[in-house]
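Have a look at the structure below, then the notes.
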Amino acid sequence: MSPRKRPRRNRFTAPSAVRLTYPVLAVVLLPLAAGVWAASWSLLRSVHLPWKSFLPLLAGVAAYALFQALFSKPMGLYVFGHEMTHALAAWFSGYRVKSLKVSSSGGEVVTSDTNLFVALAPYCVPLYTVLVVAAYALVRRYAALVVPPFWCAFGVGFTFSFHAALTFHALRQRQPDLEHGGAFLSLAIILLLNGLVLTLLLKFLFPEAVSLAAFGRRWWSLTRAGALAVWRFSLTMKGRFS
């Protein structure tokens, strides 16, 4: 069932003057979001590694796709991670978590206060992938590991696919979380941050082959080109209808 969430009692409401800037901020973020995904794809294509190096990651992706195709969406696990991420984001923001309820049909977390970060954190932070990375960091303290082993890359592929698939599924439902910043701005932020998370995961899995500096340059170049193309197109359309 869809992870429909009961309305929160502590809902973030930005001042009206601030909310008026949200559509403008979303328009600014969209080229950045498109650019980060284009740069991530360009970065992945430029990685010079034997194809076998990608097998653990791809195996994890394929395993989750097969799991969801043969069985069903693990909604209870997703909702638990979703609400836990809300709670952790609230805790990091200095708020108190009053209650947390989870079931396969939905969940609810009630906090002393909330903000845009708390509202959107589950859509941007793959909690189970973070746990896989944390497990690797713990193991690395006691074992001489140069690069993440098979189980780690497999786990990243499996859990990030889980996050992507079920976040997409959740966003197709009506989500009160997106009302905090408006759907337009919220979706732009989600798209942007998930692209950045994916890039950081590639750096984590292939530390020697992936250059964040090269990614940053490519991201800026693609974002600037995309923004200029949109600007020129808008001027052309304005000229036609003026």
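The values are calculated or read from the model by the stated rules, or taken from the named source; none is laboratory data. Computed from a predicted structure; not experimentally measured. Cβ sites come from the backbone with ideal geometry, for glycine too, and all protein chains shown count toward neighbours.
It is to be established whether one or more residues within the range 142-159 are part of a helix (DSSP H, G or I) and β-branched (V, I, T). Looking through the range 142-159, at least one residue is part of a helix (DSSP H, G or I) and β-branched (V, I, T). Scan the range 137-148 for residues that are touching a residue at least 12 places away in the same chain (Cβ under 8 Å) and surrounded by fewer than 21 Cβ atoms within 10 Å (Cβ to Cβ) and the total you get is 1. Checked against (1) touching a Leu at 6+ places or on another chain (Cβ under 6 Å); (2) at pLDDT 95 or above, S40 passes all but a single condition, namely (2). Checking the range 182-197 against the condition returns no match, with no residue being touching a residue at least 12 places away in the same chain (Cβ under 8 Å), hydrophobic (A, V, I, L, M, F, W, C), exposed (fewer than 15 other Cβ atoms within 10 Å of the Cβ) and closer than 21 Å to V79 by Cβ. Taking the conditions exactly as written (surrounded by fewer than 18 Cβ atoms within 10 Å (Cβ to Cβ) and in a loop (DSSP other than H, G, I, E, B)), does S72 satisfy them or not? Yes, satisfied.
I'd like the residue in the range 101-120 that is in contact with a Phe, Trp or Tyr (Cβ under 9 Å, 6 or more places away or on another chain) and without any contact (Cβ under 8 Å) to a residue 40 or more places away in the chain and, out of all such residues, is nearest to L166 (Cα to Cα). Among those residues, the one meeting the criterion is V102. Scanning for something hydrophobic (A, V, I, L, M, F, W, C) and in a helix (DSSP H, G or I), does the range 94-109 turn up at least one residue? The answer is no, given that none of the residues of the range 94-109 is hydrophobic (A, V, I, L, M, F, W, C) and in a helix (DSSP H, G or I). I'm trying to understand the selection: among the residues of the range 51-101, which are aromatic (F, W, Y) and at pLDDT 90 or above? Listed by number, the residues that qualify are F54, Y64, F67, Y78, F80, W91, F92, Y95. The set of residues in the range 76-101 being out of contact with any strand residue (DSSP E or B) (no Cβ under 6 Å at 6 or more places or on another chain) and either of a type in the set (G, A, S) or within 16 Å of Q175 (Cα to Cα) (or both) consists of G76, Y78, G81, H82, T85, A89, S93, G94.
Just for the range 83-116: of the residues that are hydroxyl-bearing (S, T, Y) and touching a Gly at 6+ places or on another chain (Cβ under 8 Å), which one is surrounded by the most Cβ atoms within 10 Å (Cβ to Cβ)? Selected residue: S104.
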